Amino acid sequence: MTSLAEQLKRLALPQTDPSLLDRSEVASLLFTCKEAATIDRDTFFAIGCTGLDELMGIDPSFEEFQSSLFSSTAKGLERSVQTKAVNQQLDKNISLFLIHLSPYFMLKPAQKCLEWLIQRFHIHLYNQDSLIGCVLPYHETNLFVRVIQLLDIKSPTHKWHWMDPIRVKYFTDAR
């Protein structure tokens, strides 16, 4: 790849990712790509809200995210058409949520919440640093590998590319 092509690829915005337009395979933590493609937004929203309700039973402080990331308003939010300010606030809320979620990552309710954030807000594209920060303490688990497989870190210039061998090595095992 030429130097210019590599620079353009680095500057590409996540919303230009063709996978966002193709619903034959959809990134997912809980389902296969093909299974996730058959599930509608309402179902993913219900899965996420169920996970949040279960987490609030464990730690009531999760309630603060009910009116933002897990609200009916969030269900209709399309971040690729939002203003920079709206997306910055969304990123801030997602980052705070993922920091809060990290100690609970191995619990099924936490994974349900992550599934909603992946489906609705494409955190595997827009919030890679926060997502990796959330799951890094679990680097020895298969679930960590599953999260890494969601990320597009194949480019040698990507800052998380050093994790790509994990994704490749375990790709057939985890999928």
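Note on the range 43-75: residues that are within 17 Å of Ile118 (Cβ to Cβ) and either assigned to a helix (DSSP H, G or I) or aromatic (Phe, Trp, Tyr) (or both) total 15. Annotation: of all residues in the range 54-103 being of a type in the set (Asp, Glu) and in contact (Cβ under 8 Å) with a residue 24 or more places away in the chain, the one that is surrounded by the fewest Cβ atoms within 10 Å (Cβ to Cβ) is Asp59. Whenever a residue of the range 118-132 is without any contact (Cβ under 8 Å) to a residue 60 or more places away in the chain, its partners that are not in a helix (DSSP H, G or I), lying with C-beta atoms within less than 7 angstrom and at least six residues away or across chains, give the pairs Gln128/Leu151; Gln128/Trp160; Ile132/Trp160. Among all residues of the range 101-114, there is at least one that is over 21 Å from Phe31 (Cα atoms) and at pLDDT 95 or above.
Residue by residue, here is whether (1) touching a Lys or Arg at 6+ places or on another chain (Cβ under 9 Å); (2) within 23 Å of Ser28 (Cβ to Cβ) holds:
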site: Ala46; (1), (2): no, yes
site: Gly51; (1), (2): yes, yes
site: Glu54; (1), (2): yes, yes
site: Gly57; (1), (2): no, no
site: Pro60; (1), (2): no, no
site: Glu64; (1), (2): no, no
site: Ser67; (1), (2): no, no
site: Ser71; (1), (2): no, yes
site: Leu77; (1), (2): yes, yes
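I'd like to check something: does the range 25-42 contain any residue that is part of a loop (DSSP other than H, G, I, E, B), closer than 30 Å to Arg167 by Cα and at pLDDT below 90? Yes.
Checking each residue in the range 34-87 for being among the small types (Gly, Ala, Ser) and within 17 Å of Tyr104 (Cα to Cα) picks out Gly48, Gly51, Gly57, Ser61. The residue that is farthest from Asp152 (Cα to Cα), among those in the range 27-53 that are of a type in the set (Gly, Ala, Ser) and in contact (Cβ under 8 Å) with a residue 60 or more places away in the chain, is Gly51.
Here the condition is being over 14 Å from the mean Cα position of the chain (by Cα), at pLDDT 95 or above, farther than 29 Å from Val145 by Cβ and among the charged types (D, E, K, R); of Glu64, Glu54, it holds for Glu64 alone.
If only residues of the range 144-167 that are in contact (Cβ under 8 Å) with a residue 40 or more places away in the chain and either under 21 Å from Leu117 (Cα atoms) or small (Gly, Ala, Ser) (or both) are counted, the one that is surrounded by the most Cβ atoms within 10 Å (Cβ to Cβ) is Val147.
The values are calculated or read from the model by the stated rules, or taken from the named source; none is laboratory data. Keep in mind the model is a prediction, meaning the values are calculated, not measured. Using ideal geometry, Cβ is built from the backbone for each residue, glycine included, and neighbour counts are taken over all protein chains shown.
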